[in-house]
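Student: Let me give you the structure first, and then I'll get to my questions.
Just so it is clear, none of the values below were taken in a lab; they were calculated from the coordinates. Computed from a predicted structure; not experimentally measured. Ideal geometry is used to build each Cβ from the backbone, glycine not excepted, and the neighbour counts take in all protein chains shown.
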Amino acid sequence: MSVITISRGSFSGGKQLAECLARKLNYRCIDRDVVTQRTSIRTISPNELFAALETPPANTLSTLNHRKYLYLALIQAAILEEISKGDAVYHGLAGHLLLQGGLAVFRLRVIAPLEFRLNVAQQRMKLSREEALAQIEKIDEQRSKWTRYLYGVDWEDPSLYDLVINLQHITVEQACRLVVGMVKEGGFEFPAKKLASMNDFVLASRVRAALAKDALTSNLEVEVESHAGAVTIKGDLCEETEEVQRVASAVPGVLAVSLQEPALAKEA
């Protein structure tokens, strides 16, 4: 199984590259719509979710911080559920960061010159040059702040990626053939050990998402680890240990739940 993530600035050709790779490699193409279908719950609309992800909170002490945690838990779980089905290309905000944890992911970054991006924005959104420039700068700034806020990294740092593709002098089709060749040469397949890690990561994300969705535990912010069905939940549980146990134990695949708070550990 292989997973490719594509990070790109707005109007940089990343969507077209993802679709080309999915077509040529016979991979599923996972995008914003697929994720919103999985993350939609009664109290959070898809538009609210992605607006929050692209706009970091002005005040890191505000309640928006917790909303961000909830959104992130849901999106990460949704992406992991999708890629666990098999070969996939994910293009979206910070996919390479959401899929950390030692997973065998081919991390691509697509960049393009400003003129390329302006032309795409003007044609696609029917904007003037000035409007297109303002839109590109706004989105880029928001995404940069978001990744720095959540992970403390610069999303343009090339060390975060396995390959950076500049579309200034090559076409999307040429870039697609290049990546297809690299994938077919091997090196980005999930070996058996990595597949086990993947399953653990998926289960942990399911538990965290379940806690985020449940009305009695959605106020918590926790770390979740999983190993062969044994789940460990770490954090301040605010006297909600029974509810955490209830929610986590009900997640399919969970065989045991261990709770670890800052000053105590409890196992069931």
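Student: Could you tell me what fraction of 2.2 N^0.38 Å the Cα radius of gyration of the stretch 192-267 comes to, as a two-decimal ratio?
Tutor: Values: Rg = 11.8 Å, N = 76, 2.2 N^0.38 = 11.4 Å.
Compactness ratio reported: 1.04.
Student: Continuing with the same structure: With springs only between Cα atoms under 10 Å, which of Asp33, Asp154, Asp87 fluctuates most in a Gaussian network model of the chain?
Tutor: The residue that fluctuates most here is Asp33.
Student: Pull out a ≥ b ≥ c, the square roots of the eigenvalues of the alpha-carbon gyration tensor of the stretch 156-196, then state rounded if a/c is under 1.5, prolate if not and a/b is larger than b/c, and oblate in the remaining case.
Tutor: Details: a/c = 4.24, a/b = 1.65, b/c = 2.58.
Oblate, because a/c is 1.5 or more while a/b does not exceed b/c.
Student: Let me make sure I get this right: for the stretch 126-268, a, b and c are the square roots of the gyration tensor eigenvalues over alpha carbons, sorted descending. Under 1.5 in a/c it's rounded, otherwise prolate if a/b > b/c, else oblate. Which is it?
Tutor: Numbers: a/c = 3.09, a/b = 1.68, b/c = 1.85.
Oblate.
Student: Longest span of the chain, sites excluded, free of trypsin sites (Lys or Arg not before Pro) in DSSP loop with at most 16 other C-beta atoms within 10 Å? Walk me through the numbers before you get to the answer.
Tutor: Numbers: sites that count: Arg42, Lys85, Lys126.
Counting at most 16 other Cβ atoms within 10 Å as exposed, the longest clean stretch of the chain is 127-268.
Student: If the limit is 27 Å between Cα atoms, which of Lys138/Lys213; Lys15/Lys145; Lys85/Lys184; Lys85/Lys145; Lys138/Lys184; Lys15/Lys85 go over it?
Tutor: Details: Lys138/Lys213 31 Å; Lys15/Lys145 22 Å; Lys85/Lys184 20 Å; Lys85/Lys145 31 Å; Lys138/Lys184 37 Å; Lys15/Lys85 21 Å.
In this structure, Lys138/Lys213; Lys85/Lys145; Lys138/Lys184 exceed 27 Å between Cα atoms.
Student: A follow-up question, please. Each residue of the stretch 17-29 in order: what ³J(HN,Hα) in whole Hz does its phi give by Karplus 6.51 cos²θ - 1.76 cosθ + 1.60, θ = phi - 60°, with x for Gly and Pro?
Tutor: Ordered by residue, 3J(HN,Hα) equals 5, 4, 5, 5, 4, 4, 5, 6, 9, 6, 9, 7, 9 Hz.
Student: Continuing with this model, one more query. Once both labels are modelled 7 Å past Cα along the beta-carbon direction, what's the Gln37-Glu137 spacing in nm?
Tutor: Placing both labels 7 Å beyond Cα along the Cβ direction yields 3.8 nm.
Student: On to the next question. Roughly what % antiparallel, to the nearest 5, for the DSSP beta bridges in the chain?
Tutor: Working: 10 of 32 bridges.
In the chain, DSSP labels about 30 percent of beta bridges as antiparallel.
Student: Using a ≥ b ≥ c from the Cα gyration tensor of the chain (square roots of the eigenvalues), is it rounded, prolate or oblate, where a/c under 1.5 gives rounded and otherwise the larger of a/b and b/c decides, a/b for prolate? Write out the running numbers ahead of the final one.
Tutor: Numbers: a/c = 2.40, a/b = 1.49, b/c = 1.61.
It is oblate, given that a/c is not under 1.5 and a/b is not larger than b/c.
Student: Which residue, His227, His66, His169, tops the fluctuation ranking in a GNM of the chain built on C-alpha contacts under 10 Å?
Tutor: His169
Student: Are there cysteines in the chain with no second cysteine's Cβ under 4.7 Å away, and if so, which?
Tutor: Cys29, Cys238
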